[in-house]
Amino acid sequence: MKKDIYELSINNIDESKIKELVKIHNENFKNKVEGSYFKDILGNNLYTVYCTNCIIENMVRNIEENMITEKEEKISGYIIYYDTFSCFDLFEIAVDKEFQNRGIGNRLLVNSMSALFDNEKYENRTKEEKSILLEVDENNFSAIKLYRKNNFKEISVRKNYYGTGQNALIMIRSND
């Protein structure tokens, strides 16, 4: 497993990281959330959350008026899985708008699926129990392209899932 992702838990996250997650969520989804949303998810053992970071370099002046580079590590994306026991739901995936279209979503998806199924707490699962289901807005073409690229197949449509006339595609990835 590549180390460009890591699992988050309520025990290894601080308020500043919660705020980063909230920012990424709120710039990507219509339903706006607050920090308690992620605290509840991270505190529930049925959810597994992975994220990836990027390094931001900022040019700043030091005391002597010289320009120096300051480096800051920042969450660039996250993915949340929900364990239904018969399979996993890909509950949510989002990439900071500043870092979209750079392959971060694909790396996050691929590496998190690998990490999820390498996790010893899931080692006794059957192949069917390691399947991943998701819902995606039928007009979210970039997300659909990402899922198809990673072997997700369309199995159904949920009419009006996101509101009147806004359907969701149901997709599955089997792990055979």
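Label separation (Y122 vs Q166): 2.8 nm, computed from points 7 Å beyond Cα along the C-beta direction.
Taking N53, N124, N151 in turn, the Gaussian network model of the chain (Cα-Cα springs below 10 Å) assigns the largest fluctuation to N124. When exposed loop sites are taken as chymotrypsin sites (Phe, Trp or Tyr not before Pro) in a DSSP loop with at most 15 other Cβ atoms within 10 Å, the longest stretch of the chain clear of them is 86-160. Scanning the chain for GluC sites (Glu not before Pro) in DSSP loops with at most 10 neighbouring Cβ atoms within 10 Å leaves 1-63 as the longest stretch between them. Amide H contacts of S131: F88, N175, each under 5 Å away and 5 or more positions distant or on a separate chain (H built 1.01 Å from N in the peptide plane; Pro and chain starts excluded). Here the Karplus relation 6.51 cos²θ - 1.76 cosθ + 1.60, evaluated at θ = phi - 60°, turns the backbone of region 90-96 into coupling constants of 7, 6, 6, 9, 8, 10, 3 Hz, with x for every Gly and Pro.
For the chain, a crude dipole built from +1 on the beta carbon of Lys and Arg and -1 on the beta carbon of Asp and Glu, taken about the Cα centre, is about 660 debye to the nearest 20. Each 10 Å bin from zero up to the one holding the largest Cα-Cα distance in the chain carries the following percent of pairs: 9, 34, 35, 15, 5, 2, 0. Using the rule -39500 (n - 2.57) for each DSSP H run of four or more residues, divided by the residues of the chain, the 222 nm mean residue ellipticity is -8000 deg cm²/dmol. Computed from backbone phi, the HN-Hα couplings of region 4-12 come to 7, 10, 8, 7, 9, 9, 5, 8, 10 Hz, rounded to whole numbers (Karplus: 6.51 cos²θ - 1.76 cosθ + 1.60, θ = phi - 60°; Gly and Pro given as x). Which longest uninterrupted range of the chain lacks any trypsin sites (Lys or Arg not before Pro) assigned by DSSP to a loop state (not H, G, I, E or B) and surrounded by at most 14 other Cβ atoms within 10 Å? So the longest stretch without any such site is 33-101. Secondary structure note: in the chain, about 95% of the DSSP beta bridges are antiparallel.
FRET efficiency for the E15 to E129 pair, using the beta carbon distance and R₀ = 25 Å, is estimated at 0.10. Ordering G43, G165, F99 by the projection of their Cα atoms onto the charge dipole of the chain, which places +1 on the Cβ of Lys and Arg and -1 on the Cβ of Asp and Glu, puts G165 at the extreme positive end. When only C-alpha pairs under 8 Å and at least 6 residues apart count, what is the relative contact order of the chain, in percent? So the answer I get is 17 percent. Between the Cα long axis of helix 104-118 and the first principal axis of the chain there is an angle of about 60°, rounded to the nearest 10.
Taken together, the values in this text are just the output of simple stated rules run on the coordinates, not laboratory data. Nothing here was measured: the structure is a model prediction, and the numbers come from that model. Backbone-built Cβ (ideal geometry, glycine too); neighbour counts: all protein chains shown.
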